[in-house]
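These notes concern the structure reproduced below.
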Amino acid sequence: MGTANYFDLKETNLSNNCPECYSTNGLTLTYKQKIIDNVLYKANGTETVVKMHCKNCNSDIFPVRWTEDIERVVAYQDRALQLKPKSLKIKPLGWFLIILDAFLLITVLLIATGVITF
Ligand SMILES: [Zn+2]
């Protein structure tokens, strides 16, 4: 249960030469941050993926095609990157289970301490 999705965290235009078409105004670097979304809660993860795309020749530039200059710029961007905070959002089913757990715990405590007897 639960799937991993990613949202666009940051997009930067690079002035590097595209390894495919050699244009200097087409490369964009996109960081995506993982989002954990399941039936109980939704939260931002700490994993990121990076994707490079050239708008000029409309191709994805995979890390094997990166030049030394591109790698340097990406390393710089990596260091400057700030992740979005976790921001946990509990869904109704999650709340229901938390409340149910609390209720069961209280009932068990009341029975154990002799407040409730059958
Ligand atoms: Zn290109």
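The values are calculated or read from the model by the stated rules, or taken from the named source; none is laboratory data. Just so it is clear, the model here is predicted, and its values are computed rather than measured. A quick note on method: Cβ atoms are made from the backbone with ideal geometry, for glycine too, and the neighbour counts reach across all protein chains shown. We work out accessible area using only protein heavy atoms, side chains counted, and drop any ligands, DNA or RNA first. Shrake-Rupley method; radii C 1.70, N 1.55, O 1.52, S 1.80 Å.
Which condition does residue 35 not pass, out of (1) open to solvent by 60 Å² or more (accessible area, probe 1.4 Å); (2) of a type in the set (Val, Ile, Thr); (3) outside any helix (DSSP H, G or I), if it passes all the others?
(1)
Within the stretch 27-85, which residues are more than 13 Å from the ligand (Cβ to nearest atom) and of a type in the set (Ser, Thr, Tyr)?
Across the stretch 27-85, the qualifying residues are 30, 31, 41, 46, 48, 76.
Identify, from the list 114, 94, the residue that is open to solvent by less than 60 Å² (accessible area, probe 1.4 Å), in contact (Cβ under 8 Å) with a residue 40 or more places away in the chain and more than 28 Å from residue 19 (Cβ to Cβ).
Values: 114 fails: in contact (Cβ under 8 Å) with a residue 40 or more places away in the chain.
Selected residue: 94, the only one of 114, 94 that is open to solvent by less than 60 Å² (accessible area, probe 1.4 Å), in contact (Cβ under 8 Å) with a residue 40 or more places away in the chain and more than 28 Å from residue 19 (Cβ to Cβ).
Under the condition of being modelled with pLDDT under 95 and in a loop (DSSP other than H, G, I, E, B), which residue from the stretch 1-21 is nearest to the chain's Cα centre (by Cα)?
Of everything passing the filter in the stretch 1-21, 2 is nearest to the chain's Cα centre (by Cα).
Given the options 84, 89, name the one that is closer than 28 Å to residue 37 by Cβ, in contact with a Lys or Arg (Cβ under 7 Å, 6 or more places away or on another chain) and either open to solvent by 80 Å² or more (accessible area, probe 1.4 Å) or hydrophobic (A, V, I, L, M, F, W, C) (or both).
Details: 84 fails: in contact with a Lys or Arg (Cβ under 7 Å, 6 or more places away or on another chain).
The match here is 89.
Which of the residues spanning the stretch 27-65 are within 17 Å of residue 78 (Cα to Cα), among the polar types (S, T, N, Q) and within 9 Å of the chain's Cα centre (by Cα)?
33, 46, 48
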